[in-house]
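The values are calculated or read from the model by the stated rules, or taken from the named source; none is laboratory data. Note that this is a predicted model, so its numbers are computed, not measured. No Cβ is skipped: glycine too gets one built from the backbone with ideal geometry, and neighbour counts run over all protein chains shown. Quick note on the areas: whole protein, heavy atoms, side chains included, nothing else; ligands and nucleic acids left out. Shrake-Rupley method; radii C 1.70, N 1.55, O 1.52, S 1.80 Å.
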Amino acid sequence: MRKRIIPVFLAGLLAVGVCTACHSYESQSVSGPEIERVDAMPSKEVGPTLSKKDVLEETVPVLELEEDKEKELNPEIIIASDIHYLAKELTDFGAGFEDKVNHGDGKVTTYVWEITDAFLDEVIKRRPQVLIISGDLTLEGERLSHEALAERLGRVENKGIPVLVIPGNHDLNNPDASAYKGGEAVPATRTTPEEFASIYSRFGYDEAVSRDPASLSYMAELRDGTWILMLDSCQYEDGNLVGGMIRTETYEWMDQVLDDAWEKDRQVIAVAHHNLFDESKVYERDCTIEHGDELSLKLSERDISLFLSGHLHVQHYQSSDEYEIDEIVTGSLSMSPCTYGVLKYFGPREYTYHTEQLHVSEWAKEKGNPDPNLQDFESYADTFLQEVFYNQATENLKKYSLPSRQSEEMAEVYALLNVYAVGGNAWKIKEHVVSRPAFKQWQEYDRTDVLCMYMNEIVEDAQYDYNVFIRQ
């Protein structure tokens, strides 16, 4: 085996609890007071590297984006996750749609079309060797949404940039697939696994080196010879489940295709929607792949050291010294701060990853879109996410019959900490939050309260900038 021991640089686990279908609390449609944003925090080193602490700009230079110039594909890999696209034909933007948006988990579904178009335009400008989308392509698995997104992805493929997709837990046989007409959500046509493979045939399935006959998993090859193991971790045969698992038959297929990769001396990167490790303590069952140790062992035995996932809607990473595997979780593209991942892969244990924030406001100005929310989109999306968390906390705190001002302050500190955690930047706000009286009041009332548990997990985990990962 081609093994060498590498140090581990992450011990904490995240428990933000923002996994798409994992929320048990709904936000209220009323808006809370303006919540402070603390950006002027003391500077801090980014997450540790293995051999030296390089400045990101020196290691992963930002590429010059050229709109119209045709050029060779550059070696970077772009990763996006959890777009949750909705076909416009499925909404009239009425009360039913607004209720869905306002009682969600912070996705800016009202502008998912603009977010998607701005992102795909940026992908075309960057010209990566591949775009990987790791699941939850649609809002609730509506077939029209899949078809509409596939049509948009065609623009990228038509520019010579390969696109690889796998399903997420929202995408298949989903009973929540809906159209929003008037004040109601009415059932929409769901998507079967067979339809998914057909709709996205251009985006991995037709060009696959090998396809798993038991699932929507497949192996794809990049132009530089790297193989991408796209694992279908979703459970949709008997209804639709939130949690993830790998089928027994898929493991058998993996053995064959990984043997092939080994014999051909191909480097392999693994991708799935669900998480390999317990990135969230609160939602291990719904977010971590069942029997993840078995999958980790199988990957480790083949010297596969990098695993990419999504699902959490949180920017995060974690490493295992036992299996010598790094997992990088890319946050939701449709949730503030609307980031995507940029990976440069040089081989096992030699790669760099950082996130880029999608600047929708600049895109809107270039397109001449006068919508004021789009013109200042970054602020709009951030405020929207703050309000979602604020309203979630306010509703939860009603059971304590607190004075209104105290409840507001506790909700504010909860929202502030969660917004930073979603962006992978909780370390910036940690000291400020724990010094607030409102944070201490959360501890006094009930440390076993699920929202208090979120906050404590975030504080414990707030060690690094999870937007930067350097392995070398």
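With the requirement that a residue be of a type in the set (S, T, Y) and not in a strand (DSSP E or B), what does segment 328-358 give you?
T330, S334, S336 - these are the residues of segment 328-358 that are of a type in the set (S, T, Y) and not in a strand (DSSP E or B).
Going by the conditions given, is D82 under 16 Å from the mean Cα position of the chain (by Cα), acidic (D, E) and farther than 22 Å from E207 by Cα?
Spelling it out, D82 is indeed under 16 Å from the mean Cα position of the chain (by Cα), acidic (D, E) and farther than 22 Å from E207 by Cα.
Can you tell me which residues in segment 210-241 are β-branched (V, I, T) and over 20 Å from the mean Cα position of the chain (by Cα)?
Within segment 210-241, just T226 meets the criteria.
Quick check on my filter: what residues within segment 214-242 are within 22 Å of T191 (Cα to Cα), surrounded by 21 or more Cβ atoms within 10 Å (Cβ to Cβ) and small (G, A, S)?
Matches in segment 214-242: S215, S217, S233.
Report whether or not E249 is in a helix (DSSP H, G or I), open to solvent by 20 Å² or more (accessible area, probe 1.4 Å) and touching a residue at least 24 places away in the same chain (Cβ under 8 Å).
It is true that E249 is in a helix (DSSP H, G or I), open to solvent by 20 Å² or more (accessible area, probe 1.4 Å) and touching a residue at least 24 places away in the same chain (Cβ under 8 Å).
If you go through segment 264-279 one residue at a time, how many are in contact with a Lys or Arg (Cβ under 9 Å, 6 or more places away or on another chain) and either hydroxyl-bearing (S, T, Y) or open to solvent by 50 Å² or more (accessible area, probe 1.4 Å) (or both)?
Qualifying residue count for the region: 0.
Let's see how each residue does on (1) farther than 30 Å from E294 by Cβ; (2) small (G, A, S); (3) open to solvent by 10 Å² or more (accessible area, probe 1.4 Å):
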position	(1), (2), (3)
H316	no, no, no
Y345	no, no, yes
K398	yes, no, yes
L402	yes, no, yes
Y420	yes, no, no
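Would it be correct to say that S361 is assigned to a helix (DSSP H, G or I), open to solvent by 10 Å² or more (accessible area, probe 1.4 Å) and in contact with a Phe, Trp or Tyr (Cβ under 6 Å, 6 or more places away or on another chain)?
Yes: the conditions hold for S361.
Would you pick out the residues in segment 315-327 that are part of a loop (DSSP other than H, G, I, E, B) and touching a helix residue (DSSP H, G or I) at 6+ places or on another chain (Cβ under 9 Å)?
Result: Q315, E322, Y323, E324.
Can you find even one residue in segment 454-470 that is out of contact with any Ser or Thr (no Cβ under 6 Å at 6 or more places or on another chain), in a strand (DSSP E or B), modelled with pLDDT of 95 or more and at negative phi?
yes
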